[in-house]
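Notes for the one structure printed next.
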Amino acid sequence: MREGEREVPELYTYDMKFDELPGGTLVRQGLADIAADRVSAESLLVMIGAPRLRNLGFGVPETGPVDPELSLYNLLAESDADSAHGRYNALIRLLVSFERAVESGA
């Protein structure tokens with residue numbers, strides 16, 4: 001560790017039960033989609049949360065869409081423009097709930 005850097009404990013563990021955490025199935029699928037180089041609502045959601053997820057010990061790549069927020073919204077709007085905003089907000093709430101659950105050690 002270099003001077004001035006702080007050690008960040010890895011809160012994520014391989015035995016973590018994603019499905020028991022709020023938004024866990026979305027994050028698990030998003031990580032799998034990223035590993036398979038697939039663009040999906042789940043992978044874009046993980047890219048939106050990438051900085052915080054990396055700090056929690058998740059292996060989220062540094063590279064990705066320039067604007068994952070807009071990419072996610074556009075993807076949702078393709079299937080139903082009228083509900084895209086509500087679905088986008090619901091996904092973001094689930095992501096934040098997942099991050100908070102991991103931080104709390106749930």
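The values are calculated or read from the model by the stated rules, or taken from the named source; none is laboratory data. Keep in mind it's a predicted model, so treat the numbers as computed, not measured. So basically every Cβ, Gly included, is an ideal-geometry build from the backbone, and we count neighbours across all protein chains shown.
Confirm whether residue 104 is surrounded by 14 or more Cβ atoms within 10 Å (Cβ to Cβ) and of a type in the set (Ser, Thr, Tyr).
For residue 104, the condition - surrounded by 14 or more Cβ atoms within 10 Å (Cβ to Cβ) and of a type in the set (Ser, Thr, Tyr) - is not met.
I'd like the full set of residues that are touching a Phe, Trp or Tyr at 6+ places or on another chain (Cβ under 6 Å) and under 15 Å from residue 29 (Cβ atoms), limited to segment 48-67. Lay out the reasoning, then the answer.
If we filter segment 48-67 for residues that are touching a Phe, Trp or Tyr at 6+ places or on another chain (Cβ under 6 Å), which is where we start, we get 56-58.
Residue satisfying the conditions is 58 alone.
Failed condition for residue 99, given (1) outside any helix (DSSP H, G or I); (2) acidic (Asp, Glu); (3) surrounded by 14 or more Cβ atoms within 10 Å (Cβ to Cβ), with all others met?
Every listed condition holds for residue 99 apart from (1).
Of the numbered conditions (1) of a type in the set (Val, Ile, Thr); (2) in contact (Cβ under 8 Å) with a residue 12 or more places away in the chain; (3) out of contact with any helix residue (DSSP H, G or I) (no Cβ under 7 Å at 6 or more places or on another chain), residue 66 fails exactly one; give the number of that condition.
Here residue 66 clears every test but (2).
Only one residue in 26, 31, 76 is surrounded by 18 or more Cβ atoms within 10 Å (Cβ to Cβ), under 12 Å from the mean Cα position of the chain (by Cα), part of a helix (DSSP H, G or I) and at pLDDT 95 or above, so which one is that? Working first, answer last.
On the way: 31 fails: at pLDDT 95 or above; 76 fails: under 12 Å from the mean Cα position of the chain (by Cα).
26 is the lone residue from the list that is surrounded by 18 or more Cβ atoms within 10 Å (Cβ to Cβ), under 12 Å from the mean Cα position of the chain (by Cα), part of a helix (DSSP H, G or I) and at pLDDT 95 or above.
I'm trying to understand the selection: among the residues of segment 55-73, which are at pLDDT 95 or above and either touching an Asp or Glu at 6+ places or on another chain (Cβ under 9 Å) or loosely packed, with under 14 Cβ neighbours inside 10 Å (or both)? Full working, then the answer.
Going through segment 55-73, the residues at pLDDT 95 or above turn out to be 67-73.
Correct list: 67, 70.
Taking interchain pairs and intrachain pairs at least six residues apart, which have beta carbon atoms under 8 angstrom, with the first residue in segment 76-99 and touching a residue at least 12 places away in the same chain (Cβ under 8 Å) and at negative phi and the second in a helix (DSSP H, G or I) and among the aromatic types (Phe, Trp, Tyr)?
Every condition considered, the pairs that remain are 76/88; 85/73; 88/73.
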